[in-house]
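I have placed the structure first, in the form of C-alpha cells, so that the comments after it can refer back to it.
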Amino acid sequence: MAATHLLISTKRSAPADDLTSFLLAAREEGEEGEESLNEHELVATLLLMIGGSQTTINSWTTPSANRSPGPTS
C-alpha cells in the first residue's frame, strides 16, 4: 500500500496523461454539489485496478493452459 501512496504523491506533483492523474484531478476539482473521491476511495480504486487486472489475466489464462493437450511426442 505504500507504493500506492507513493504513486499518488508522484502523480500529484507531476500529473501525466493517465488514469491515476485523471482520478486525482477529478478528486481535486470536485464540482459544486458533486462528491469527489476521498483519499481512501482513491487508494482502493487504484488497488482494484492493479490487483483486479492480475486476477482477470489469471482467470483467462489458467483454463486455457489446462485445456492445452501438451507435448505430442
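The values are calculated or read from the model by the stated rules, or taken from the named source; none is laboratory data. No experiment lies behind these values; they were computed from the predicted model shown. Quick reminder, even Gly has a Cβ in these numbers, built from the backbone with ideal geometry, and neighbours come from all protein chains shown.
Give me a count of the residues in the stretch 7-40 that are modelled with pLDDT of 80 or more and at positive phi. Full working, then the answer.
Residues of the stretch 7-40 modelled with pLDDT of 80 or more: 7-25, 38-40.
Still in the running and at positive phi: none.
Qualifying residue count, the stretch 7-40: 0.
Determine whether residue 56 is modelled with pLDDT of 75 or more and surrounded by 10 or more Cβ atoms within 10 Å (Cβ to Cβ).
no
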